[in-house]
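The values are calculated or read from the model by the stated rules, or taken from the named source; none is laboratory data. Only a predicted model underlies this, so the values are computations on that prediction, with no experimental measurement involved. Here the Cβ positions follow ideal geometry from the backbone for every residue, glycine too, while neighbour counts run over all protein chains shown.
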Amino acid sequence: MIYLIYDNTFEGFLTAVYDVYELKLEKVAIRKSNLEIPQLFGETIDVVTDKNKAKRVADKLILILGKQSFQSLLKVLLSELETIEDSILNFIRYTIKTNNNVFNDFGHPAVLKIQQTLKKLSRERHRMNAFVRFKLANDGLYYAFIEPDFDVLPLISSHFKSRYADQKWLIYDLKRNKGIFYDLNNVEVVKLEENTKRGAREGLDINLNTSEIEFQKLWKCYFKSTNIASRKNIKLHLQHIPKRYWKYLIEKN
Amino acid sequence: MNWDRINEKLSILADAAKYDVSCSSSGSKRTNKGKNLGDSSGVGICHSYTEDGRCVSLLKILLTNYCIYDCLYCVSRKSNDIKRAAFKVDEVVDLTLNFYRRNYIEGLFLSSGIFKNPDFTMERLVLVAKKLRLEHKYNGYIHLKTIPGASDELMYEAGLYADRLSVNIELPTKSGLKLLAPDKDHKTMLAPMETIQKGIQIYKEEKKIIKSSPKFTPAGQSSQMIIGATNESDFDIVKTSTFLYKKYSLKRVYYSGYVPVLSDNKLPALHTPVPMVRENRLYQTDWLFRFYQFKPQEIVNHNYPNLDLEIDPKLSWALRNLEQFPIDINTADYHMILRIPGVGVRSAQKIVAARKYAFLNYEQLKKMGIALNRAKYFIICKNYYPSQDFEQNRLRNEILRFGKSKYSSHFSNQLSLF
Ligand code: SF4
């Protein structure tokens with residue numbers, strides 16, 4: 001088995017795909033650079049990300065799949081699943097072999113895997129659109145912390161940008177230590193220093209706007225009052241808001 | 001702000017509003033042009049779920065729970081001895097904006113008891129919406145529940161600022177309304193629906209000529225009726241909602257299982273359980289009409305005036321029409337695929353898309369997530385044919401036996417699965 005190690009970028013991945021075809025590799029797996037590869041089981045090659053190679057793969061796939069399906073395919077990488085690159089490679093091989101847009105061929109295992117992963121990603125994106133809870137800091141910044149299952153920041157950015165266009169906001173993924181910050185003009189990716197991550201989190205919470213706690217109380221009060229006790233259904237409740245999301249939900253604390 | 005006072009009002013006025021079940025925040029087309037607050041162009045988001053499993057999407061409150069009317073089924077009725085409260089217009093505006101900015105909600109659902117008179121009340125509801133839109137450039141969702149008896153002018157103005165308007169028909173039958181809501185009558189309840197419908201039509205016409213003409217209730221109108229408070233049949237209910245959908249082009253008709261709030265010999269006894277299963281069956285029926293191409297009389301009619309509580313209406317229909325099955329997954333048209341028990345809209349779409357590449361077998365269907373435990377009795381696919389011929393009742397028992405947990409305790413009022 002040969003392991004192609006790429007730099008966790010889209011271009012790096014597409015370069016790896018190029019190399020698979022160029023070197024006619026059969027028993028091959030593409031892996032992210034931050035994963036441990038069991039040395040015993042095979043050879044590893046570091047992929048050198050190459051814009052031109054990536055573009056050639058992209059062009060070919062867009063030609064067969066169309067732009068939208070191609071983009072969805074790349075999106076699947078955001079799931080960060082350990083062997084998801086293999087599933088994408090299988091899908092690409094099937095596409096190239098049949099020279100046909102197989103995106104909806106649910107009966108084929110490679111396609112089904114891609115579709116199922118997309119569905120999971122989309123569910124997590126929806127959850128983050130729903131479960132982000134902004135707090136207002138003294139300097140007017142609305143900030144929120146999240147720990148999503150997948151790397152969904154790139155998927156939620158435009159939603160928050162168009163919705164909260166007149167307020168500064170920051171959504172920070174503590175699991176991946178990166179955030180998106182909107183400065184009233186653009187959204188950019190930001191990183192808090194590792195050793196200040198906790199500090200920053202506490203720091204922000206100390207500088208809360210004076211009304212913030214009051215609005216949190218009002219929200220909790222609303223959440224309680226709008227419940228109909230005689231219709232209680234905790235099973236359904238938990239199905240909609242699994243416990244791992246409660247940490248940042250004001251109404252559940 | 002006097003926070004404690006606001007807190008108290010909020011708890012009273014959210015509590016009084018919670019029996020209105022609509023929580024939809026979809027269907028509007030209000031985009032954020034320029035740098036303003038809010039955008040309602042996508043599908044609505046459920047930001048949280050209460051312990052009863054219902055979606056929390058909107059800040060759903062009454063402006064006041066004072067009321068001059070005395071509808072028997074309502075907690076806010078005049079003769080009920082409860083705590084009363086009233087929000088000021090600005091308080092509602094403030095709450096909405098602050099909740100919205102924190103991503104708690106998609107917007108506001110405002111309704112009210114009637115104080116002084118219908119117009120006086122409606123004016124204030126409209127004022128809240130107007131301030132949000134004009135003073136605060138707010139593009140979040142606004143649903144106003146109109147006040148029965150308010151003037152056409154106010155209804156029209158409401159339509160300029162709201163994404164959705166609702167007029168609650170309250171009870172499925174005229175006689176029920178007469179019995180329980182003596183201050184209201186059927187005709188005056190329907191009149192505003194017509195006004196709103198006209199407004200929407202005029203807007204659509206104008207929009208063809210002038211692109212930028214101001215929006216008018218872009219998410220349409222909806223209504224709600226309480227079920228289980230009078231002795232209406234499901235056939236009665238479906239007749240009424242079908243009429244409303246057709247005549248006034250409503251977007252949604254909601255069903256609210258009656259929650260006993262008062263002991264009176266005209267009403268179900270106080271400890272009667274909320275008819276949640278029945279409510280769920282009615283929603284499933286509604287789904288069958290809206291997404292599964294069923295006709296109302298296929299589901300309920302003179303011979304079957306009430307829905308089966310033990311099994312869902314689609315399965316029930318299939319059992320009554322066994323001669324139409326088995327259906328061939330690989331050749332039947334979409335319309336028939338939709339009618340297979342265990343196959344939802346999304347599954348039907350997947351099947352129709354996937355079979356273009358190659359005929360599908362049982363394993364593939366299973367991997368695709370089709371609920372074969374039910375579908376298996378009703379389908380043919382590659383290398384598969386249902387094992388036995390079943391007679392209606394035997395098949396019903398067989399399915400019930402194997403799907404026990406599915407049908408027993410767990411019901412959602414917006415369950416979309418079949
Ligand atoms: S008019 Fe509305 S608020 Fe007043 S009693 Fe009747 S249903 Fe309740």
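Here B:GLN284, B:GLN364, B:GLN293 are screened, and the one residue that is within 13 Å of chain A (Cβ to nearest Cβ), more than 22 Å from B:PHE390 (Cα to Cα) and modelled with pLDDT of 90 or more is B:GLN364.
Confirm whether B:LEU63 is over 18 Å from B:GLN224 (Cα atoms) and surrounded by fewer than 21 Cβ atoms within 10 Å (Cβ to Cβ). Judged against the criteria, B:LEU63 is not a match.
If you go through the range A:161-172 and pick out every residue that is within 11 Å of another protein chain (Cβ to nearest Cβ) and closer than 22 Å to A:LYS243 by Cα, you end up with 1. Counting only residues that are crowded, with 24+ Cβ neighbours inside 10 Å, closer than 19 Å to B:GLY27 by Cα and away from the ligand (no atom under 16 Å from the Cβ), the range B:144-160 holds 2 of them. Of the residues making up the range A:49-88, those that are touching a strand residue (DSSP E or B) at 6+ places or on another chain (Cβ under 6 Å) and crowded, with 17+ Cβ neighbours inside 10 Å number 1.
Conditions tested, residue by residue: (1) assigned by TED's automatic domain parsing to the domain that holds B:GLY199; (2) in a helix (DSSP H, G or I); (3) buried (at least 21 other Cβ atoms within 10 Å of the Cβ).
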{"residue": "B:ALA229", "(1), (2), (3)": "yes, no, yes"}
{"residue": "B:ILE237", "(1), (2), (3)": "yes, yes, yes"}
{"residue": "B:THR240", "(1), (2), (3)": "yes, yes, no"}
{"residue": "B:HIS271", "(1), (2), (3)": "no, no, no"}
{"residue": "B:VAL274", "(1), (2), (3)": "no, no, no"}
{"residue": "B:TRP287", "(1), (2), (3)": "no, yes, yes"}
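Residues of the range B:70-128 that are within 16 Å of the ligand (Cβ to nearest atom), part of a loop (DSSP other than H, G, I, E, B) and either of a type in the set (Phe, Trp, Tyr) or closer than 19 Å to A:PHE223 by Cβ (or both): B:TYR73, B:ALA85, B:PHE87, B:PHE115.
For (1) within 14 Å of chain A (Cβ to nearest Cβ); (2) under 30 Å from B:SER233 (Cα atoms), each residue gets a yes or a no:
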| site | (1), (2) |
| --- | --- |
| B:GLU310 | no, yes |
| B:PHE325 | no, yes |
| B:MET368 | yes, no |
| B:ILE380 | no, no |
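For the range B:30-43, a residue qualifies if it is more than 7 Å from chain A (Cβ to nearest Cβ) and in a loop (DSSP other than H, G, I, E, B), and the qualifying residues are B:THR31, B:LYS33, B:GLY34, B:SER41, B:GLY42, B:VAL43. Among the residues of the range B:73-90, is any touching a Cys at 6+ places or on another chain (Cβ under 8 Å), at pLDDT 90 or above and crowded, with 23+ Cβ neighbours inside 10 Å? Yes, the range B:73-90 has at least one match. Quick check on the range A:113-134. Is at least one of its residues at pLDDT 95 or above, under 20 Å from the mean Cα position of the chain (by Cα) and more than 14 Å from chain B (Cβ to nearest Cβ)? The answer is yes; a qualifying residue exists. Across the range A:106-126, the number of residues qualifying as within 18 Å of B:ASN361 (Cα to Cα) and assigned to a helix (DSSP H, G or I) comes to 5. Scanning the range B:163-184 for residues that are acidic (Asp, Glu) and modelled with pLDDT of 90 or more yields one hit, B:ASP163.
One residue stands out in the range B:165-181 among those that are more than 15 Å from B:VAL253 (Cα to Cα) and out of contact with any Asp or Glu (no Cβ under 7 Å at 6 or more places or on another chain): the one that is nearest to the ligand (Cβ to nearest atom), namely B:LEU180. Identify all residues within the range B:45-63 that are over 23 Å from A:LYS235 (Cα atoms) and more than 9 Å from the ligand (Cβ to nearest atom); write none if there are none. Of everything in the range B:45-63, those that are over 23 Å from A:LYS235 (Cα atoms) and more than 9 Å from the ligand (Cβ to nearest atom) turn out to be B:LEU59, B:LYS60, B:ILE61, B:LEU63. Of all residues in the range B:355-395, those satisfying the criterion of being buried (at least 20 other Cβ atoms within 10 Å of the Cβ) and more than 24 Å from B:LEU288 (Cβ to Cβ) are B:LEU360, B:GLN364.
Quickly run through the range B:241-277 and pick out the residues that are under 24 Å from B:GLN221 (Cα atoms) and within 14 Å of another protein chain (Cβ to nearest Cβ). Across the range B:241-277, the qualifying residues are B:TYR255, B:SER256, B:GLY257, B:TYR258. In the range B:193-203, the residue that is nearest to the ligand (Cβ to nearest atom) out of those that are crowded, with 17+ Cβ neighbours inside 10 Å and more than 19 Å from B:LYS130 (Cα to Cα) is B:MET193. Taken together, A:SER79, A:SER158, A:SER69 contain a single residue that is away from chain B (no Cβ under 13 Å) and of a type in the set (Gly, Ala, Ser), which is A:SER79. Test of understanding: among B:TYR49, B:TYR73, which residue is of a type in the set (Ser, Thr, Tyr) and at the interface with chain A (Cβ under 7 Å from one of its Cβ atoms)? Exactly one of B:TYR49, B:TYR73 is of a type in the set (Ser, Thr, Tyr) and at the interface with chain A (Cβ under 7 Å from one of its Cβ atoms), namely B:TYR49.
Checking the structure you have, find out if any residue of the range B:107-117 is within 14 Å of another protein chain (Cβ to nearest Cβ) and either more than 19 Å from B:ASP163 (Cα to Cα) or at pLDDT below 90 (or both). Looking through the range B:107-117, none of the residues is within 14 Å of another protein chain (Cβ to nearest Cβ) and either more than 19 Å from B:ASP163 (Cα to Cα) or at pLDDT below 90 (or both). Of everything in the range B:133-143 that is within 14 Å of chain A (Cβ to nearest Cβ) and surrounded by 18 or more Cβ atoms within 10 Å (Cβ to Cβ), the residue that is nearest to the ligand (Cβ to nearest atom) is B:TYR141. Checking B:LEU177, B:LEU190, B:LEU165 one by one, the residue that is crowded, with 22+ Cβ neighbours inside 10 Å and under 23 Å from the mean Cα position of the chain (by Cα) is B:LEU165 and no other. Selection of first residues in the range B:1-29 that are within 8 Å of another protein chain (Cβ to nearest Cβ) and of second residues that are more than 15 Å from the ligand (Cβ to nearest atom) and part of a loop (DSSP other than H, G, I, E, B), restricted to Cβ pairs under 8 Å at least 6 apart or on distinct chains, gives the following pairs, ordered by first then second residue: B:MET1/A:SER211; B:ALA14/A:THR226; B:ASP15/A:THR226; B:ALA17/A:THR226; B:LYS18/A:THR226; B:LYS18/A:ASN227; B:LYS18/A:ILE228; B:TYR19/A:ILE228.
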